[in-house]
Amino acid sequence: MKILVTGSAGFIGFYTVQALLKQGHQVIGIDNLNDYYDVALKKARLSELERFAQDCAESGQSYQFIEMDIADRKAMSELFAKHDFDRVIHLAAQAGVRYSLENPHAYVDSNLVGFVNVLEGCRQQQTPHLVYASSSSVYGMNSKIPFSTDDRVDFPISLYAATKKSNELMAHTYSHLYNIPTTGLRFFTVYGPWGRPDMAYFSFTRKILAGETIDVFNHGQMERDFTYIDDIVEGVVRVMDHVPHPQSSEFTHAQAPYKIYNIGNNQPISLERFINAIEQATGKQAVRNNLPMQPGDVPRTYADVSDLMVDVGFKPATEIETGISKFVDWYRQYNQ
């Protein structure tokens, strides 16, 4: 199949492209290489992908990278007019809860304008299936756990979360109006080698290795459903081939080929165990600076993945100690 992966220089996009090439697909990746975090890391991922694609070339796979901003309506329209994609995996987005407090317009441009451009491209070409990244942040301060895709998510507590919920609403509209199959994936705290430097596990590892103090928000009284990157990508690739059929829900009679899944480890980990895993992997003790909860943060995330298990036969299962050990090994090698 010919597959478009947006955000292919990003963390999840990088691994998703590799998985698709392993399966023998033709992949076009796009990314605007913005400077939200170190562009050198994004370029290093792209270099790795080029080498990986060359190794796969003899088996018929192909990979092309195009530097492009999804918010560029003209460029996106031309891309979809030129290529007839069998699947679109939309992972490009302005990420981060805290940064949305500082630069809200970046989220509007990428997560709203950019997403409409993707939807319009899929409408123009009647793309057989659009799979897009949502986020566990849409659950906000929901008190019912584990978080289920049947729960109401009408009260986001960050602009980032609001844009991701908006993506789900827009996708449903296009599915209903134009019969475009769409599947949204609510990712739960993704981590692993080649990850995002703005994530806590990345900065904790750097500071612990350097003997610096780490900031521990909410005095460590938080839990996250940390999900290892390999599990996330396995879920993305499996869902890609599970095309939703038109259906209504208990809340509406609107018919739409539309689905939402949680992809999380289904096992909340305390911040203390998380830090302990990094200490164990680095062989060094952390120096902690306990701080109150930051605006936009939530105390706990916990994924109900029963739909994912029933529909595609998969459930993430990597233990935090295993995943963190692999990350620390990569981190040391990358920064040596």
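Select, from Thr252, Thr205, Thr213, Thr189, the only residue that is open to solvent by less than 20 Å² (accessible area, probe 1.4 Å) and among the hydroxyl-bearing types (Ser, Thr, Tyr).
Thr205
What is the one condition in (1) polar (S, T, N, Q); (2) buried (at least 22 other Cβ atoms within 10 Å of the Cβ); (3) modelled with pLDDT under 95 that Gln221 does not satisfy?
For Gln221, the failing item is (2).
Only one residue in Ser143, Ser148 is touching a residue at least 24 places away in the same chain (Cβ under 8 Å), more than 19 Å from His90 (Cα to Cα) and either surrounded by fewer than 24 Cβ atoms within 10 Å (Cβ to Cβ) or touching an Asp or Glu at 6+ places or on another chain (Cβ under 9 Å) (or both). Which one? Let's see the steps before the verdict.
Working: Ser143 fails: touching a residue at least 24 places away in the same chain (Cβ under 8 Å).
Just one listed residue meets the conditions, Ser148.
Val39 is checked against (1) farther than 16 Å from Pro197 by Cβ; (2) free of Cβ contacts under 8 Å to residues at least 40 places away in the same chain; (3) open to solvent by 30 Å² or more (accessible area, probe 1.4 Å) and fails just one. What number does that condition carry?
Unmet condition: (1).
Of these, Gly29, Gly13, which one is small (Gly, Ala, Ser) and either free of Cβ contacts under 8 Å to residues at least 40 places away in the same chain or touching a helix residue (DSSP H, G or I) at 6+ places or on another chain (Cβ under 7 Å) (or both)?
The unique qualifying residue is Gly29.
Given the criterion over 21 Å from Asn32 (Cβ atoms), assigned to a helix (DSSP H, G or I) and modelled with pLDDT under 95, identify the matching residue among Ser137, Ser143, Ser175.
Numbers: Ser143 fails: assigned to a helix (DSSP H, G or I); Ser175 fails: modelled with pLDDT under 95.
Every option except Ser137 fails the conditions.
Among the residues in the stretch 278-287, are any aliphatic (A, V, I, L, M), farther than 30 Å from Asp215 by Cα and in a strand (DSSP E or B)?
In the first step, residues of the stretch 278-287 are kept if they are aliphatic (A, V, I, L, M); the result is 278, 281, 286-287.
Imposing the further condition that a residue be farther than 30 Å from Asp215 by Cα reduces the set to none.
Scanning the stretch 278-287, I find no residue that is aliphatic (A, V, I, L, M), farther than 30 Å from Asp215 by Cα and in a strand (DSSP E or B), so the answer is no.
All but one of (1) under 22 Å from Asp304 (Cα atoms); (2) at pLDDT below 95; (3) among the aromatic types (Phe, Trp, Tyr) hold for Tyr132, so report the exception by its number.
Going through (1) under 22 Å from Asp304 (Cα atoms); (2) at pLDDT below 95; (3) among the aromatic types (Phe, Trp, Tyr) one by one, Tyr132 breaks only (2).
Out of Asp311, Asp297, Asp307, I need the residue that is touching a Phe, Trp or Tyr at 6+ places or on another chain (Cβ under 7 Å), of a type in the set (Asp, Glu), under 25 Å from Val88 (Cβ atoms) and not in a strand (DSSP E or B). Which one? It would help to see each step written out before you state the result.
Working: Asp311 fails: touching a Phe, Trp or Tyr at 6+ places or on another chain (Cβ under 7 Å); Asp297 fails: under 25 Å from Val88 (Cβ atoms).
Just a single option satisfies the conditions, and that option is Asp307.
Confirm whether Phe80 is modelled with pLDDT of 95 or more, more than 19 Å from Ser134 (Cβ to Cβ) and either aliphatic (A, V, I, L, M) or open to solvent by less than 40 Å² (accessible area, probe 1.4 Å) (or both).
Numbers: modelled with pLDDT of 95 or more: yes; more than 19 Å from Ser134 (Cβ to Cβ): yes; either aliphatic (A, V, I, L, M) or open to solvent by less than 40 Å² (accessible area, probe 1.4 Å) (or both): yes.
Yes; evaluated as a whole, the condition is true for this residue.
Do the conditions hold for Gln247, that is, is it more than 23 Å from Pro181 (Cβ to Cβ) and either open to solvent by 60 Å² or more (accessible area, probe 1.4 Å) or touching a Ser or Thr at 6+ places or on another chain (Cβ under 6 Å) (or both)? Lay out the reasoning, then the answer.
Working: more than 23 Å from Pro181 (Cβ to Cβ): no; either open to solvent by 60 Å² or more (accessible area, probe 1.4 Å) or touching a Ser or Thr at 6+ places or on another chain (Cβ under 6 Å) (or both): yes.
No.
Is it fair to say Thr183 is within 25 Å of Tyr37 (Cα to Cα), buried (at least 21 other Cβ atoms within 10 Å of the Cβ) and touching a residue at least 12 places away in the same chain (Cβ under 8 Å)? I'd like the intermediate steps shown before the answer.
Details: within 25 Å of Tyr37 (Cα to Cα): no; buried (at least 21 other Cβ atoms within 10 Å of the Cβ): yes; touching a residue at least 12 places away in the same chain (Cβ under 8 Å): yes.
When the stated conditions are applied, Thr183 does not pass them.
Being more than 24 Å from Thr163 (Cα to Cα) and not polar (S, T, N, Q) narrows it down to one residue among Pro257, Pro193, Pro244; which is it? First the steps, then the outcome.
Values: Pro257 fails: more than 24 Å from Thr163 (Cα to Cα); Pro244 fails: more than 24 Å from Thr163 (Cα to Cα).
Among Pro257, Pro193, Pro244, only Pro193 is more than 24 Å from Thr163 (Cα to Cα) and not polar (S, T, N, Q).
As an exercise: evaluate Arg273 against (1) at pLDDT 95 or above; (2) more than 30 Å from His242 (Cα to Cα); (3) not in a loop (DSSP other than H, G, I, E, B) and give the number of the one condition it does not meet.
Every listed condition holds for Arg273 apart from (1).
I'd like the residue in the stretch 58-77 that is at pLDDT below 95 and assigned to a loop (DSSP other than H, G, I, E, B) and, out of all such residues, is least open to solvent (accessible area, probe 1.4 Å).
Among those that are at pLDDT below 95 and assigned to a loop (DSSP other than H, G, I, E, B), it is Gln61.
Condition test on Gln23, is it out of contact with any Pro (no Cβ under 8 Å at 6 or more places or on another chain), open to solvent by 50 Å² or more (accessible area, probe 1.4 Å) and of a type in the set (S, T, N, Q)?
Details: out of contact with any Pro (no Cβ under 8 Å at 6 or more places or on another chain): yes; open to solvent by 50 Å² or more (accessible area, probe 1.4 Å): yes; of a type in the set (S, T, N, Q): yes.
Answer is yes for this residue.
Determine which member of the set Arg51, Arg45 is touching a residue at least 12 places away in the same chain (Cβ under 8 Å), of a type in the set (Lys, Arg) and either over 22 Å from Ile263 (Cβ atoms) or part of a helix (DSSP H, G or I) (or both).
Arg45
The values are calculated or read from the model by the stated rules, or taken from the named source; none is laboratory data. What you are looking at is a predicted structure, and each value in this text was computed from that prediction instead of being measured. Ideal geometry is used to build each Cβ from the backbone, glycine not excepted, and the neighbour counts take in all protein chains shown. Surface areas here come from the heavy atoms of the whole protein model, side chains and all, with no ligands, DNA or RNA. Shrake-Rupley method; radii C 1.70, N 1.55, O 1.52, S 1.80 Å.
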